[in-house]
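Colleague: Submitted below is the structure of interest, expressed as structure tokens.
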Amino acid sequence: MKVTICGGGVIGASIAYFLSRRGVEVSVVERTGVANGASGKSGGFLALDWCDGSDLAPLARRSFELHGTLAESLGRDWGYRRVETLGVVASTRRDVSGYRKLPSPDWLADEAAVHGRLGTPASTAQIDPAAFTNAMMSAAIDGGATLIEGCVEGMAFSPGGNEVTGAIVDGATLWSDAVVIAMGPWSMLACQWLPLGPTHGLKGHSLVFDYAPSPESLFVELETDDGEISSPEINPRPDGTTYVCGLSGHDALPMDPADVVPEAGASEKLRRMTSHVSPELGASRVLTAQSCYRPVTADGLPQIGAVPGVAGAYVATGHSVWGMLNGPATGEAMAELITEGAAKTVNLAPFDPARLRL
Ligand SMILES: Cc1cc2nc3c(=O)[nH]c(=O)nc-3n(C[C@H](O)[C@H](O)[C@H](O)COP(=O)(O)OP(=O)(O)OC[C@H]3O[C@@H](n4cnc5c(N)ncnc54)[C@H](O)[C@@H]3O)c2cc1C
């Protein structure tokens, strides 16, 4: 069986890995480089139970477990570690000491207060998202998968048009028994080729600082003098860097993933926000200033499954803020669906792409 996966983000790489373990002949087509989208620029924060109470819960719980077993079994290092996760409130215009319930890490501003423990090492973890995505792709390649640098421009169909026979890549047809759309926010393009509901892109900025504090992940509520409330997220990493995100962007998604750039003034604003929470962190050297788009659907749930009415066509996208967490279980379930006709480890019914068709 030949399967073409369109997109080399965490979702495409995870599907490729689990398909290659089943002996499937896999090609991954990636336009700009593995993990060059959100999968290389996200926080890489993982939580066991933060999706509980929603349709995502079984997927998230299975995926949290898979992250642990993959870190042990693949023999590669992507900075996986279990962490404490703290809730922090900080304000430049009022005294928030009344919120203080736990001692603050010593690298936080005096004005910042830790109001609670949001996760323990049993329930929260971190990865370096680019390293993880590349490791999954490398493991897939070790298992026989091929990575093709190219742009997916359309689908090839059987004469009746109700079966996909391949993907059009840079003008040539890559013949396949099945094709998976996993192009993150650029999966929107596939709405022109297949009966799919839309996936949009929401932009976010992030900075990577050359700073190595204690390892807690922080979810901050920050109020500044102008009354603006923001929610920076701070993830120290084992490689001696610290990742900060939490500032949205407004630019529309560019058609070429290589054209994604931070908006004017955004990196400076995010550094100022960081300084209010931790002056030391905010004053340290910025190694990377970047932006990316997370893929979102109309109802906030991913679309994972068979494309309705077109044999051989599949989609896995729209993972929003939990794509790094939910990549492995999505890959595992998609591999089951494609090779056995149904997912077994996770019920994909809530993510049926048919629900989003306009
Ligand atoms: C600021 C920010 C922080 C985040 N933090 C977290 C977090 O802490 N934890 C978490 O679980 N999730 C987090 N996320 C969400 C997570 O990053 C995404 O859900 C996930 O990366 C989406 O992966 P993907 O593979 O679907 O898409 P992408 O990573 O966007 O990959 C899609 C790939 O398709 C390729 N492509 C596009 N068009 C074509 C084409 N025509 N032909 C071939 N290839 C093409 C692109 O180049 C790209 O590499 C965060 C997101 C953002 C924006």
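Colleague: Counting only residues that are among the aliphatic types (A, V, I, L, M) and more than 18 Å from SER231 (Cβ to Cβ), give me the strands (runs of 3 or more DSSP E) lying completely in segment 69-151 with at least 1 of them. Spell out how you get there, then give the answer.
Modeller: Values: elements: 85-91, 112-119, 124-126, 146-149.
Per the criteria, 124-126, 146-149.
Colleague: Can I ask one more? Could you run through segment 93-110 and say how many residues are touching a Ser or Thr at 6+ places or on another chain (Cβ under 9 Å) and either among the small types (Gly, Ala, Ser) or surrounded by 14 or more Cβ atoms within 10 Å (Cβ to Cβ) (or both)?
Modeller: Taking segment 93-110 first, the residues touching a Ser or Thr at 6+ places or on another chain (Cβ under 9 Å) are 93, 105-110.
Narrowing the set further to residues that are either among the small types (Gly, Ala, Ser) or surrounded by 14 or more Cβ atoms within 10 Å (Cβ to Cβ) (or both) leaves 105, 107-109.
Final tally of qualifying residues: 4.
Colleague: Sort out which residues of segment 186-203 are assigned to a loop (DSSP other than H, G, I, E, B), touching a residue at least 60 places away in the same chain (Cβ under 8 Å) and more than 21 Å from HIS250 (Cβ to Cβ), and write them in order of number. Lay out the reasoning, then the answer.
Modeller: Here is the first cut: in segment 186-203, the ones assigned to a loop (DSSP other than H, G, I, E, B) are 193-199.
Pick out the ones that are also touching a residue at least 60 places away in the same chain (Cβ under 8 Å) and you get 194-199.
Matches in segment 186-203: LEU194, PRO195, LEU196, GLY197.
Colleague: Does at least one position in segment 14-30 carry a residue that is surrounded by fewer than 19 Cβ atoms within 10 Å (Cβ to Cβ), in contact (Cβ under 8 Å) with a residue 60 or more places away in the chain and under 26 Å from SER248 (Cβ atoms)?
Modeller: Within segment 14-30 (the criterion being surrounded by fewer than 19 Cβ atoms within 10 Å (Cβ to Cβ), in contact (Cβ under 8 Å) with a residue 60 or more places away in the chain and under 26 Å from SER248 (Cβ atoms)), the answer is no, since none of the residues qualifies.
Colleague: Can you name every residue in segment 186-198 that is surrounded by 24 or more Cβ atoms within 10 Å (Cβ to Cβ) and over 17 Å from VAL169 (Cα atoms)?
Modeller: Correct list: LEU196 only.
Colleague: What tally of residues in segment 16-36 results from selecting those that are within 10 Å of the ligand (Cβ to nearest atom) and more than 20 Å from ALA156 (Cβ to Cβ)?
Modeller: Going residue by residue through segment 16-36, those that are within 10 Å of the ligand (Cβ to nearest atom) are 28-36.
The next check asks that each one be more than 20 Å from ALA156 (Cβ to Cβ); those that pass are 32-36.
Counting residues in segment 16-36 that are within 10 Å of the ligand (Cβ to nearest atom) and more than 20 Å from ALA156 (Cβ to Cβ) gives 5.
Colleague: Also, quick follow-up: Within segment 305-337, count every residue that is in a helix (DSSP H, G or I), within 26 Å of GLY143 (Cβ to Cβ) and either of a type outside the set (A, V, I, L, M) or open to solvent by less than 10 Å² (accessible area, probe 1.4 Å) (or both).
Modeller: Let us first name the residues in segment 305-337 that are in a helix (DSSP H, G or I), namely 320-337.
Pick out the ones that are also within 26 Å of GLY143 (Cβ to Cβ) and you get 322-337.
So of that shortlist, the ones also either of a type outside the set (A, V, I, L, M) or open to solvent by less than 10 Å² (accessible area, probe 1.4 Å) (or both) come out as 322-323, 325-336.
Residues that pass the stated criteria total 14.
Colleague: Still on this model: Which residue, of ILE181, ILE127, is under 29 Å from the mean Cα position of the chain (by Cα), open to solvent by less than 10 Å² (accessible area, probe 1.4 Å) and closer than 26 Å to ASN235 by Cβ? Before the answer, list the steps.
Modeller: Values: ILE181 fails: closer than 26 Å to ASN235 by Cβ.
None of the other options fit; the residue is ILE127.
Colleague: Could I ask something else about it? Please enumerate the residues belonging to segment 277-300 that are open to solvent by 70 Å² or more (accessible area, probe 1.4 Å) and more than 21 Å from GLY240 (Cα to Cα).
Modeller: The answer is ARG294, ALA298, ASP299.
Colleague: Are any residues in segment 297-323 near the ligand (Cβ under 9 Å from one of its atoms) and either touching a strand residue (DSSP E or B) at 6+ places or on another chain (Cβ under 6 Å) or without any contact (Cβ under 8 Å) to a residue 40 or more places away in the chain (or both), and if so, which ones? Give the derivation first.
Modeller: Going residue by residue through segment 297-323, those that are near the ligand (Cβ under 9 Å from one of its atoms) are 302, 316-323.
If the condition is that a residue be near the ligand (Cβ under 9 Å from one of its atoms) and either touching a strand residue (DSSP E or B) at 6+ places or on another chain (Cβ under 6 Å) or without any contact (Cβ under 8 Å) to a residue 40 or more places away in the chain (or both), then ALA316, THR317, GLY318, SER320, VAL321 are the ones that fit.
Colleague: Quick test for you: out of VAL261, VAL220, pick the one residue that is surrounded by 22 or more Cβ atoms within 10 Å (Cβ to Cβ) and on the phi < 0 side of the Ramachandran plot.
Modeller: Just one listed residue meets the conditions, VAL220.
The values are calculated or read from the model by the stated rules, or taken from the named source; none is laboratory data. What you are looking at is a predicted structure, and each value in this text was computed from that prediction instead of being measured. So basically every Cβ, Gly included, is an ideal-geometry build from the backbone, and we count neighbours across all protein chains shown. To get the accessible areas, we keep the full protein, side chains included, count just its heavy atoms, and leave off ligands, DNA and RNA. Shrake-Rupley method; radii C 1.70, N 1.55, O 1.52, S 1.80 Å.
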